[in-house]
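Down below is the structure, laid out as structure tokens.
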């Protein structure tokens, strides 16, 4: 496949692994890159410069392909500079910026030979990120898992809206988990995709508990809910008694201080690491309705590419019939 994304990042397929807080480690990132996409490790999860440097070295032992480091700005409370310097010193090929104002990171990276992409959920933010110097954008629709935009715009509308208002490449995210989604993203004007939830349900996502992976396989597209909407930071999670309890507290007027223990990274990890659904929550997008197995990353890529090729052939036949008639 050839798009501006594959050429920019030096990858075979324009399929990017999302940052995946607490799950974006070397094993998964390397597997995605080795399969022809772009894997990422997550700086916020690693916390210290030493840990980040070690994880970068681990990725490079597992793959000689390009990979990225995700910086979820909001998770650092502004204290990410040392981690960013490690990524620069290690000359990582790609840095993605999510969950906050990308300007300080983009300004620091000017003059460095590092490509950047920025997560956005609306036209205004997309235009601003382009003006600040982002090389590409991730446009995430409200179907996605994890933190989302506040405007509840679906992927089908969001992608062409943003594509029409920027000149840099756009990656589609939110509700994409197979070759049909990849092909649809191309049709909407995107030049690649970002998947998060789908990559959790793979064998190389070794830090995710089997209970979490099994839940992603068993659940339907209706089995997610939005938490933290009242706090201005909506995020989509698997529906559970724990998640519904968070929402009930929100309906009762709970503040961030009231909820901070319930929505912390620690409670997220109690479920995704330890499998304790009653003690925590797990991020998940509506794409769970399309997940029915836990393959290797390579198997997932093989299936996606075959499905996309079959879908393209089907579309060609349909369009061909219209032209002939």
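In this entry, residue 134 is excluded by the filter for residues that are touching a helix residue (DSSP H, G or I) at 6+ places or on another chain (Cβ under 9 Å) and in a strand (DSSP E or B).
Comparison of 243, 254 shows that the only residue that is touching a residue at least 24 places away in the same chain (Cβ under 8 Å) and in contact with a strand residue (DSSP E or B) (Cβ under 6 Å, 6 or more places away or on another chain) is 243.
Working only within the range 116-137, note down all residues that are in contact (Cβ under 8 Å) with a residue 60 or more places away in the chain and either surrounded by fewer than 24 Cβ atoms within 10 Å (Cβ to Cβ) or over 17 Å from the mean Cα position of the chain (by Cα) (or both). 135, the sole residue that qualifies. All told, residue 185 falls short of being in contact with a strand residue (DSSP E or B) (Cβ under 8 Å, 6 or more places away or on another chain), assigned to a strand (DSSP E or B) and in contact (Cβ under 8 Å) with a residue 12 or more places away in the chain.
Screening residue 33 on (1) farther than 19 Å from residue 302 by Cα; (2) in contact with a helix residue (DSSP H, G or I) (Cβ under 9 Å, 6 or more places away or on another chain); (3) surrounded by 20 or more Cβ atoms within 10 Å (Cβ to Cβ) shows it passes everything except condition (1).
Within the span defined as the range 138-148, every residue fails to be surrounded by 16 or more Cβ atoms within 10 Å (Cβ to Cβ), free of Cβ contacts under 8 Å to residues at least 60 places away in the same chain and in a helix (DSSP H, G or I).
When residue 163 is tested against the conditions (1) under 21 Å from residue 42 (Cβ atoms); (2) in contact with a strand residue (DSSP E or B) (Cβ under 8 Å, 6 or more places away or on another chain), the lone failure is (1). Would you be able to say whether some residue in the range 151-166 is part of a strand (DSSP E or B) and touching a residue at least 40 places away in the same chain (Cβ under 8 Å)? No, the range 151-166 contains no residue that is part of a strand (DSSP E or B) and touching a residue at least 40 places away in the same chain (Cβ under 8 Å). Against the definition (under 18 Å from residue 24 (Cβ atoms) and touching a helix residue (DSSP H, G or I) at 6+ places or on another chain (Cβ under 6 Å)), how does residue 265 come out, yes or no? So residue 265 does not fit the description; no. Among strands (runs of 3 or more DSSP E) entirely within the range 1-100, having at least 2 residues that are touching a strand residue (DSSP E or B) at 6+ places or on another chain (Cβ under 6 Å) and farther than 27 Å from residue 281 by Cβ singles out 94-98.
Computed from the coordinates by the stated procedures, all read-outs in this text should not be read as laboratory data. In this text, all values refer to a predicted model and were calculated from it rather than measured experimentally. With ideal geometry, Cβ positions are generated from the backbone for all residues, glycine too; neighbour counts draw on all protein chains shown.
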